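Q: Here it is, the structure, as structure tokens.
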Amino acid sequence: MELTGYKNVAPHRLDATFMALADPTRRAILARLAAGEASVMELAAPFAMTQPAISKHLKVLERAGLVSRSRDAQRRPCRIQVAPLAEATGWLEGYRRLWELNFQRLDGILEDLQSRPADGNRRKRAKHAKQRKEH
């Protein structure tokens, strides 16, 4: 099976997405933004870190395309962008399908082994044991 999903995503975009998702603070920010837009101050509230530290996390998320900011008078709300997550999900889905096929093949082998008569296996073992004794 060929993993076609990987060819559909620019490697640097996939790298940026996974790098951004590697940090638990950034994942928490995305989880908050999944509920709706928020300001930097609103995003910083649940964390024991400064607003500049949250801004650095937001810059990583923005570079990965996971977050966008707009201007609304004095407010600069942040919004989640789902396209990079959808690309990463598609890439991972290719591997899930690959493993699913491997497990199906393994199930087939196990079913084949379990459906063979047990006495045939005993005869083979006895024959091999007899041959070892003769040598």
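Q: Are there any pairs with C-beta distances below 9 angstrom linking a residue in the stretch 86-104 that is not assigned by TED's automatic domain parsing to the domain that holds residue 13 to a residue that is at pLDDT below 90 and of a type in the set (Asp, Glu), with the two at least 6 apart or on different chains, and if so which?
A: Correct list of pairs: 94/2.
Q: Has the stretch 34-44 got at least one residue that is β-branched (Val, Ile, Thr) and at pLDDT below 95?
A: Yes; the residues of the stretch 34-44 include at least one that is β-branched (Val, Ile, Thr) and at pLDDT below 95.
Q: A further question on this structure: Residue 33 passes all but one of (1) within 28 Å of residue 91 (Cβ to Cβ); (2) loosely packed, with under 14 Cβ neighbours inside 10 Å; which number fails?
A: Of the numbered conditions (1) within 28 Å of residue 91 (Cβ to Cβ); (2) loosely packed, with under 14 Cβ neighbours inside 10 Å, the odd one out for residue 33 is (2).
Conditions tested, residue by residue: (1) of a type in the set (A, V, I, L, M, F, W, C); (2) over 22 Å from residue 10 (Cβ atoms).
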site: 50; (1), (2): no, yes
site: 59; (1), (2): no, no
site: 98; (1), (2): yes, no
site: 131; (1), (2): no, yes
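Q: Restricting the search to the stretch 64-108, which residues are surrounded by fewer than 16 Cβ atoms within 10 Å (Cβ to Cβ) and in a loop (DSSP other than H, G, I, E, B)?
A: 70, 71, 73, 74, 76, 82, listed by residue number.
Q: Can you tell me which residues in the stretch 57-74 are within 21 Å of residue 85 (Cβ to Cβ) and either more than 25 Å from the chain's Cα centre (by Cα) or free of Cβ contacts under 8 Å to residues at least 12 places away in the same chain (or both)?
A: Scanning the stretch 57-74 gives 59, 62, 69, 70.
The values are calculated or read from the model by the stated rules, or taken from the named source; none is laboratory data. Every value quoted in this text rests on a predicted model; they were computed, and no experiment measured them. Methodologically, a virtual Cβ is constructed for each residue, glycine included, from the backbone with ideal geometry; neighbour enumeration extends over all protein chains shown.
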